[in-house]
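Heads up, the thing below is written out as structure tokens.
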């Protein structure tokens, strides 16, 4: 099946490693022209170099929690690509921790990164797409904790819920102008973030990393954690012509982990 991504102009945020890197690589392999992003210049340079042999890829250093960096990221992406067809918003997560361990600074930082940042970046991208009549796509990565909170990542469980509201609100507002907006709810995916949570379980409960990992996989009906490539395929689906009549949805990619129906 044709994705229609050959030559498409794509921005993937937080893409120097993990899920973001996998998604960026997936779009490059489909023939898209991709801008990658990270706040770490060295890591971003290495990531861009790893993908350069597979297609057109650019790197822009920007901190997603800073307004001036978000503005520069959009402006520079448009300058390099000549416009923007697809935004895939990925971001890192606050440190693990239960609710009563979080203070004002932790909530403020989490809200800036997980609520304000995607909402503002989406506005900048929407303005660009609307101004140029681009039938664009936006895909926002969040977490299954939006549907079923995970106690040991309290700030993420609370703040990422806003992305679901953003997806539904924006999809209805810009849909009549031909722009589709969707989200992805990753479950347990083999990344450095999982390693951090396993370390937190070791510290908090006195079990080994292997025991913590085994507990998690037992709770997943498919019997394993997912891969970044599996998340990338979902992002390509929602960020391409393959999902031409899908908008306002939150797609769980979790191996049937979630118990809830909605």
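The values are calculated or read from the model by the stated rules, or taken from the named source; none is laboratory data. Worth saying up front: this structure is predicted, and the values here are computed from it rather than measured. Note that each Cβ is placed from the backbone with ideal geometry, even for glycine, and that neighbours are counted across all protein chains shown.
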(message) For a quick check of your reading: which helices (runs of 4 or more DSSP H) sit entirely within segment 173-241 and have at least 2 residues that are under 17 Å from the mean Cα position of the chain (by Cα) and closer than 19 Å to residue 84 by Cβ?
(response) 228-238
(message) Condition first: outside any helix (DSSP H, G or I) and under 15 Å from residue 55 (Cβ atoms). Now tell me which residues in segment 12-43 satisfy that.
(response) 12, 15, 30, 31, 32, 33, 34, 35, 36
(message) Can you say whether residue 64 is buried (at least 17 other Cβ atoms within 10 Å of the Cβ) and assigned to a loop (DSSP other than H, G, I, E, B), as far as the supplied structure shows?
(response) yes
(request) Answer with yes or no whether residue 42 is under 22 Å from residue 93 (Cα atoms) and at pLDDT 95 or above. (result) yes
(request) Would you check which residues across segment 77-105 are surrounded by fewer than 17 Cβ atoms within 10 Å (Cβ to Cβ) and in a helix (DSSP H, G or I) and list them? (result) 79, 80, 99, 100, 101, 104, 105
(request) May I ask you to verify whether residue 82 is more than 19 Å from the chain's Cα centre (by Cα) and touching a residue at least 40 places away in the same chain (Cβ under 8 Å)? (result) yes
(request) Go through segment 106-157 residue by residue and tally those that are farther than 22 Å from residue 67 by Cβ, over 16 Å from the mean Cα position of the chain (by Cα) and part of a helix (DSSP H, G or I). (result) 2
(request) Filter segment 51-61 down to the residues that are touching a residue at least 24 places away in the same chain (Cβ under 8 Å) and on the phi < 0 side of the Ramachandran plot, then identify the one that is surrounded by the fewest Cβ atoms within 10 Å (Cβ to Cβ). (result) 54
